[in-house]
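All of the numbers you see were taken from the coordinates with simple rules; none came from a lab. Nothing here was measured: the structure is a model prediction, and the numbers come from that model. Every residue, glycine among them, receives a Cβ derived from its backbone with ideal geometry; neighbour counts consider all protein chains shown.
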Amino acid sequence: MDSQERNLRCEIITVCRKLEAKGLIAASDGNVSCRAGEGRILITPGGVAKGDMEAGDLVTASYEGELLEGTRKPSSEIKMHLHVYRNRPDVFAVVHAHPPMVTAFTLVGFPFNSKVLPEVWLSLGNVPTAPYATPSTDEVPQAIAPHVGRSNAILLRRHGALTFGSSVMQAYMRMEKLEHAAKIFCYASVLEDRKCPAVMADNEIKKLEGILK
Ligand SMILES: [Zn+2]
């Protein structure tokens with residue numbers, strides 16, 4: 001293993017821990033991959049909690065999905081990752097997670113419209129929602145296929161989200177941004193047309209000012 005692959009393994013582990021720490025996945029949810037030289041990708045294995053994962057747990061696989069190196073099985077969602085790499089030469093890394101707010105949006109059909117916030121539009125562009133597909137099957141690449149060429153972030157109905165990037169960290173940050181934006185959209189929709197909470201009475205404020213003196 002060369003130093004470049006060692007660095008990529010460390011970066012994937014860092015991202016796995018961030019995904020768990022930020023609540024974007026639970027236990028062994030989600031998967032992270034990146035290109036790793038000629039004809040190979042580096043990908044997280046299935047069934048290992050992301051927060052406990054070590055660099056040696058990662059495996060390498062061919063673009064046909066065959067295990068090349070490692071003692072564990074590649075993620076069951078490897079077909080989804082490979083579809084992105086085959087169709088987006090500019091993409092270096094792929095992150096799949098189950099962010100709670102984003103996933104809730106897909107359950108109720110709440111629209112994720114990135115044109116609501118300038119910074120979200122600039123960093124994510126259009127965020128389409130792919131139809132439901134049975135996880136780990138060929139249905140998943142088929143469901144995302146119409147969107148892969150046109151977006152760097154896709155919501156997966158009843159499942160979660162998929163983000164891509166030119167680095168492992170960029171793909172991760174797009175996932176974090178997606179969930180953060182979804183929370184803001186949710187807060188805004190709850191608050192719209194609501195009244196501001198009632199302010200305290202002047203005499204109560206005066207008592208508080210007395211405490212400050
Ligand atoms: Zn998943």
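Restricted to Cα positions, what overall size does segment 3-212 have along the principal axes? Three whole-Å values, descending.
That works out to 73, 37, 28 Å along the principal axes.
Using +1 on the beta carbon of Lys and Arg, -1 on that of Asp and Glu, and nothing else charged, what's the dipole of the chain about the Cα centre, debye to 20?
500 debye
Decide, for segment 170-213, between rounded, prolate and oblate: order the square roots of the alpha carbon gyration tensor eigenvalues as a ≥ b ≥ c, take rounded if a/c falls under 1.5, and otherwise choose prolate if a/b is larger than b/c, else oblate.
It is oblate, given that a/c is not under 1.5 and a/b is not larger than b/c.
Above 15 Å lies some portion of the pair distances; for segment 51-123, what is it as a whole percent of all C-alpha pairs?
71 percent
In terms of Cα to Cα distance under 25 Å, which lysines are near enough to residue 183, apart from those fewer than 8 places away along the same chain?
18, 22, 50, 115, 195
Within a Cβ distance under 11 Å of residue 152, other residues only, what is the Lys/Arg minus Asp/Glu net charge?
In short, +3.
Want the number for residue 187 to residue 212: 0.36 nm per residue separation, take away the alpha-carbon distance, what's left?
Here the segment from residue 187 to residue 212 would lengthen by 5.7 nm.
Going by alpha carbons, how many degrees (0 to 90, nearest 10) lie between the helix axis of 78-87 and the longest principal axis of the chain?
Taking the Cα atoms of the chain, the angle to 78-87 is about 80 degrees.
With only Lys, Arg, Asp and Glu charged, each at its Cβ (+1 for the first two, -1 for the last two), find how big the charge dipole of segment 89-178 is about the Cα centre; round to the nearest 20 debye.
In total the dipole reaches around 200 debye.
Quickly work out the residue 14-to-residue 26 label distance, labels modelled 7 Å from Cα along the C-beta direction, and quote it in nm with one decimal.
2.9 nm
Give me a comma-separated list of calculated 3J(HN,Hα) values for segment 109-126, in order, Karplus coefficients 6.51, -1.76, 1.60 applied at θ = phi - 60°, integers in Hz, x for any Gly or Pro.
Listing the rounded values in order: x, 6, x, 9, 10, 5, 6, 6, 10, x, 5, 6, 4, 5, 8, 10, x, 5 Hz.
Could you calculate the contour length gain from residue 158 to residue 122, that is, 0.36 nm times the residue separation minus the distance between their Cα atoms, to one decimal place in nm?
Result for the pair: 10.3 nm of gain on full extension.
Using R₀ = 25 Å, calculate the FRET efficiency as 1/(1 + (r/R₀)^6) where r is the Cβ-Cβ separation of residue 68 and residue 142; round to 0.05.
0.50
Test of understanding: what is the full-extension gain from residue 6 to residue 55, defined as 0.36 nm times their sequence separation minus their Cα-Cα distance?
Full extension of this stretch gives 16.8 nm more.
What does the net charge come to around residue 137 if you take all other residues with beta carbon closer than 12 Å to its beta carbon, with K and R at +1 and D and E at -1?
That sum, taken over residues with Cβ under 12 Å, equals -2.
Where the centroid of each part is defined by its Cα atoms, how far is segment 75-92 from segment 118-145 in Å?
Using only Cα atoms, the two centres lie 12 Å from each other.
Compute the acute angle (0 to 90°) between the alpha-carbon long axis of helix 139-148 and the principal axis of greatest extent of the alpha-carbon atoms of the chain; round to the nearest 10°.
70 degrees
With both bridge residues required to lie in segment 3-212, what share of the DSSP beta bridges run antiparallel, to the nearest 5%?
Approximately 90 percent, going by the DSSP bridge assignments.
Around residue 172, with a cut-off of 14 angstrom between Cβ atoms, what is the net charge of the other residues, counting Lys and Arg +1 and Asp and Glu -1?
+2
Beta carbons within 10 angstrom, averaged per residue: use that to sort the peptides 106-117, 32-43, highest first.
32-43, 106-117
Tell me which residues come under 5 Å, amide H to amide H, from residue 132 once H is placed; ignore anything under 5 positions away on its chain.
Amide H neighbours of residue 132, under 5 Å, 5+ apart: 157.
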